[in-house]
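One structure below.
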Amino acid sequence: MIIRHFALRHGRRVLARNFQPRRFLSSEVDAIEASAENSTKQLQSLKSELNPHVPAPAASIDPETHATSPSTQITSSLAEQYHLFKQQQKLTGKLGSDISPHYQPHTLLNHPPSPANVTLELLLASEAHQGHATSLWNPANARYIHGVRQGIHIISLDVTAAHLRRAAKVVQEVSKRGGIVLFVGTRDGQDRAVVRAAELAKGYHLFERWIPGSITNGQQILGRCQTKVVNEKDEVVPGFEEQLYERPVLKPDLVVCMNPMENYVLLHECALNNIPTIGVIDTNADPTWVTYPIPANDDSLRCIQVIAGVLGRAGQAGQKQRLDAAERGDITYRPAKGLRIPGEDENKDSFPEVDAEVRKILHEKESLENADDLADKPGTAANYESDGRMVHVTS
Amino acid sequence: MGRYDFRPLRVRQTAKALFDTKRNASLPCWYDTIGNIPPSETLARPILRAPRPKGGKKPSRMFQPLPIHHPEDKLRSEFFGDHPWELARPRILVEDSGNDAKGYDWSKIVQPGKQLDGESVVQRQMWLMKHKQYPKAKAYDVARREFYQHRHLEEIRQRVAKEEALSTGAYFGKGPLEIGMELEDRTWESWKAWAERQIEDEQQTRAQMFSGPQDELSAPELEEALEEVQPAVSELKEAQPASGGPALHP
């Protein structure tokens with residue numbers, strides 16, 4: 001039996017290899033000349049055997065055009081290659097196992113779910129229900145807790161879904177009215193989710209560290225950030241550079257915080273400046289720190305990706321509504337005050353009704369928005385980083 | 001102020017007050033939004049445990065969350081009590097859609113897309129108890145034996161796969177014995193280096209402590225001394241007693 005297996009397993013390989021019989025100690029030893037001759041013969045035969053299998057040398061690349069020399073270029077046309085590929089696909093496409101749909105981590109970032117697609121199953125799969133150890137709880141979260149399981153609190157997912165939808169509605173409305181939405185997630189691994197949400201909602205993101213005082217002491221910290229004026233279709237209107245120097249620093253209209261436990265300073269500054277906040281509240285966090293709590297597990301990156309994606313989608317919907325209204329000629333936000341159309345007479349300033357007039361002109365021609373490009377501030381606000389997105393001044 | 005800061009919850013009222021007192025020229029853009037979508041009630045503690053009719057628990061417990069129990073908890077603890085090493089096996093905990101368990105049919109113990117583990121036994125036992133009305137012990141035995149059988153087949157499959165891979169030239173890295181030998185060799189070499197250093201140091205200190213004249217003989221002197229002694233030795237009639245060590249020092 002063993003021999004049969006051996007023949008089955010090794011037979012082909014053994015036959016393929018034209019091995020030399022072993023020379024044992026007892027066998028006769030050739031003279032030195034004879035053995036040398038033998039070895040040269042072997043070498044030559046090896047060489048002749050190997051030569052037909054040596055691959056053709058790779059085509060040399062022309063250093064200037066970065067193309068292979070014309071003599072060695074592939075002769076078959078693109079159509080032939082495509083047909084060959086299709087034929088291969090037809091032959092081998094159905095081979096192998098069938099992979100049923102499964103969780104792929106990147107899909108939550110590439111195609112985040114919209115608020116309408118939030119299901120309890122999705123929240124369960126993203127571990128939104130797992131709280132902290134029962135001894136760490138904040139009793140103010142008792143409303144959101146479903147029960148105790150293996151020493152941890154279980155957050156009830158229907159409450160999570162309801163609060164998430166409510167927060168999404170708020171983000172959508174604020175984006176529709178042209179407010180500045182700031183997405184904050186300063187834990188490791190939250191950066192991509194936060195950036196993606198800001199990208200969708202045309203908002204801002206922060207993923208490194210909140211510089212304390214960026215709101216309460218903004219003139220010192222963000223004073224040198226570049227701002228710009230855009231019209232209702234988000235096109236930049238040049239010529240306002242001098243007027244923008246004297247304007248106060250912009251403040252967000254809505255702050256979405258993914259980890260309130262680490263960002264108490266930010267939330268406190270928002271409270272001092274009367275800015276509404278949305279926060280992911282785990283069972284050990286204090287829900288009174290934020291205006292709109294979303295009870296969920298803030299330690300699960302998948303959960304954070306779902307929540308940030310949903311809020312980003314909501315912001316995207318709001319921005320779309322705003323731009324659609326702008327196409328129709330409606331303006332959904334209050335235009336910026338105190339901006340003069342460049343080139344107009346300066347002494348008009350003294351007239352008391354100048355604000356109203358500017359506004360009127362703006363309504364007729366182009367409504368002005370003030371855009372803040374916080375990314376251009378070197379050093380202190382490097383983590384503000386936005387790719388030139390526009391923001392509307394409502395003050 | 002008190003303990004809690006309610007300013008985040010009262011942003012709308014504050015904005016209204018600031019506008020009314022002319023501190024702010026206009027209302028913020030979110031004023032209507034927050035009016036239409038107000039924040040939820042906070043700091044309310046619902047009663048989570050119905051109070052017992054007589055005596056019993058403390059009233060403060062009424063506001064604490066209840067533990068969650070499932071019928072399979074006991075079966076699970078029983079199985080893993082009997083098979084503690086099942087807990088040491090690696091397990092996939094990632095859910096695909098959150099509805100993974102709905103696709104399983106526990107009339108068989110093997111599920112496509114789910115690895116066979118202790119949880120399979122528990123679910124199979126539950127199914128047998130529910131649908132075939134088996135008593136708990138019998139259901140456990142049936143599920144357990146199916147589990148052993150499939151685990152056995154799985155191990156055979158793995159072994160054969162490994163053999164096949166090895167026979168076709170796969171290399172799975174160093175084995176535990178090779179790694180152990182390497183570690184031992186490294187330790188031995190480092191010990192050797194340390195020991196040589198120690199010996200050297202000791203010799204040096206000894207040489208420093210002894211400062212007298214060096215009385216060791218050089219090679220020509222030694223030969224001379226030997227020549228002097230040899231005739232005297234050969235003249236002796238008696239056999240030489242084997243007294244080890246050189247007696248050649250002059």
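No lab work stands behind these numbers, since they all come straight from the coordinates. Keep in mind it's a predicted model, so treat the numbers as computed, not measured. Glycine gets a Cβ as well: all are built from the backbone with ideal geometry, and neighbour counts include every protein chain shown.
Here are some notes:
- Cβ-derived FRET efficiency at R0 35 Å, residue B:196 paired with residue B:229, nearest 0.05: 0.40
- Working from label points 7 Å from Cα in the Cα-to-Cβ sense, the residue A:265 to residue B:162 distance is 5.5 nm.
- Stokes-Einstein translational diffusion, the stretch B:74-137 - Kirkwood Rh over all Cα pairs, 0.692 mPa s, 37 °C, in µm²/s: 255 µm²/s
- Ranked packing of A:297-309, B:153-165, most packed first, by mean Cβ within 10 Å: A:297-309, B:153-165
- Residue by residue, the stretch B:100-109 carries 3J(HN,Hα) couplings of 4, 5, 6, x, 8, 10, 8, 6, 10, 7 Hz when phi is fed to the Karplus relation 6.51 cos²θ - 1.76 cosθ + 1.60 (θ = phi - 60°); x denotes Gly or Pro.
- In order along the stretch A:257-268, the Karplus-derived 3J(HN,Hα) couplings, from 6.51 cos²θ - 1.76 cosθ + 1.60 at θ = phi - 60°, round to 10, 8, 9, x, 4, 8, 10, 4, 4, 4, 5, 5 Hz, and Gly and Pro are given as x.
- Normalising by residue count, chain B has a Cα convex hull of 699 Å³ per residue.
- Along its principal axes, the stretch A:159-227 has C-alpha extents of 40, 32, 21 angstrom, given from the largest down.
- The convex hull built on the alpha-carbon positions of the stretch A:130-200 has an orientation-averaged projected area of 6.3 nm².
- Between the amide H of residue A:183 and those of A:204, A:205, A:206, A:256, distances stay under 5 Å, these residues lying 5 or more places away or on another chain, with hydrogens modeled in the peptide plane.
- Here's how it looks for residue A:298: its modeled amide H is under 5 Å from those of A:282, which are all 5 or more places away or on a different chain.
- Per-pair calculated FRET efficiency, R0 = 45 Å: residue B:187 and residue B:210 via Cβ, rounded to 0.05: 0.80
- Label-point separation, residue B:72 to residue A:135 (7 Å along Cα→Cβ), nm: 3.1 nm
- Chain B, helix-only ellipticity at 222 nm - DSSP H runs n ≥ 4, -39,500 (n - 2.57), divided by all residues, nearest 500: -16500 deg cm²/dmol
- Spacing of the modelled spin labels on residue B:150 and residue B:21, each 7 Å from Cα toward Cβ, amounts to 7.0 nm.
- Both numbers refer to the Cα atoms of the stretch A:87-246; Rg and Dmax are 22.4, 70 Å.
- Pairs from B:58/B:130; B:138/B:162; A:94/B:130; A:169/A:251; A:176/B:102; A:169/A:233 whose Cα-Cα separation, in the structure shown, is over 29 Å: B:58/B:130; B:138/B:162; A:94/B:130; A:176/B:102
- The convex hull defined by the C-alpha atoms of the stretch A:168-285 has an orientation-averaged projected area of 8.1 nm².
- Stokes-Einstein diffusion coefficient of the stretch B:1-99, Kirkwood radius over Cα pairs, 25 °C, 0.890 mPa s, in µm²/s: 121 µm²/s
- From phi via Karplus (6.51, -1.76, 1.60), per-residue ³J(HN,Hα) for the stretch B:199-206 in Hz, x at Gly/Pro: 4, 4, 4, 5, 5, 5, 5, 5
- Formal net charge of residues neighbouring residue A:295 (Cβ-Cβ distance under 11 Å; K, R +1; D, E -1): -2
- Computed as a quarter of the hull surface, the mean projected area of the alpha carbon convex hull for the stretch B:87-229 stands at 23.0 nm².
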